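Chemist: What follows is a structure written as structure tokens; I'll ask about it next.
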Amino acid sequence: MRASASRMVLGFAVAAAVAGGFVLDRHMAVPVGAAAAPVAEPTAPGVQQRLSALFVGDSFTAGSAVGGATNSYACILARTQGWACNVDAFGATGYLNDGAKFYPAPPPGRLVDRLPADARIFTVDVVFLDAGRNDLGYEPRSVLEALTDALSEVGRLWPTARVVVIMPAYMSATPYANYAALRAGFAKACEAADATLLDPVAEGWYSGADTDIAAMQIGDNVHPNALGHQFLAGEIADSLVRNGLGEIVTAREPA
């Protein structure tokens, strides 16, 4: 992992003990098919809450392998930066995938279908979309149309919020088969929606000589473990700075 924000994030304990921020977890898959109730969670010691973030995604965002969103990269990042952490994440869902094969009826729904309910619950300053892993078996054109719909809905529901899209990626330095087609479409859609695209593959999150991917995954060799979530939080913080959103990133050492 690179230095700067990443190193600071790795220095934080996953759980904090000082009041000041919170996590609202509307629906979280732990494991797939199980929903967890909202929980309160503070920011890191000495970090003042500065804005409210909403993370919408799949099992990576839900923290399905580490006990829930409180321990996921999303809330580790939020605690570090002094953001309220709001999470809407269901494993096995995506821009196109509604999770119907894994959940009892009715399924959680596609990402775009869940956003109106999020807007009734969350007031946010920045929206992160981290989905698409469960859509890689679909035609790229269909995925990109669904992404465009989701970005349009985010803009309608939160017109003043910053929007960040994380390119679909597993914890691997090797691109998946249709990466190039999706990457071009994601870049175009994000540019049209004035959203910031973070790309783990293009930015080399997993290609560092000292990056031990196996040590950051659970036994399925897919989902991040606790160390993996800390790693992702640091990489996202660094990527936000590189991609022009440094004003919302102020990684701090704990007080």
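The values are calculated or read from the model by the stated rules, or taken from the named source; none is laboratory data. All of these numbers come straight from a predicted model, not from anything done at the bench. Accessible surface areas use protein heavy atoms only, side chains included; no ligands, DNA or RNA. Shrake-Rupley method; radii C 1.70, N 1.55, O 1.52, S 1.80 Å.
Chemist: Could you order ARG156, ARG133 so the one with the most accessible surface comes first? Probe is 1.4 Å.
Modeler: The ranking, largest first, comes out as ARG156, ARG133.
Chemist: Classify segment 74-201: rounded, prolate or oblate, from the alpha-carbon gyration tensor (a ≥ b ≥ c, eigenvalue square roots; a/c under 1.5 rounded; otherwise prolate if a/b is larger than b/c)?
Modeler: Details: a/c = 1.38, a/b = 1.16, b/c = 1.19.
Because its axes are fairly even, with a/c under 1.5, segment 74-201 counts as rounded.
Chemist: A further question follows. Roll a 1.4 angstrom probe over the protein heavy atoms and tell me the percent of accessible area of segment 72-172 that is carbon or sulfur.
Modeler: Details: 1840 of 3640 Å².
Roughly 50 percent, rounded to a whole number.
Chemist: Using 0.36 nm per residue of separation minus the Cα-Cα distance, give me the extension gain between ASN225 and ALA192 in nm, one decimal. Walk me through the numbers on the way to the answer.
Modeler: Values: separation 33, 0.36 × 33 = 11.88 nm, distance 3.46 nm.
Roughly 8.4 nm would be gained on extension.
Chemist: Taking all protein chains together and a probe of 1.4 Å, list LYS101, LYS188 from the most accessible to the least accessible. Let's see the in-between values first.
Modeler: Numbers: LYS101 190, LYS188 150 Å².
Largest accessible area first, the residues go LYS101, LYS188.
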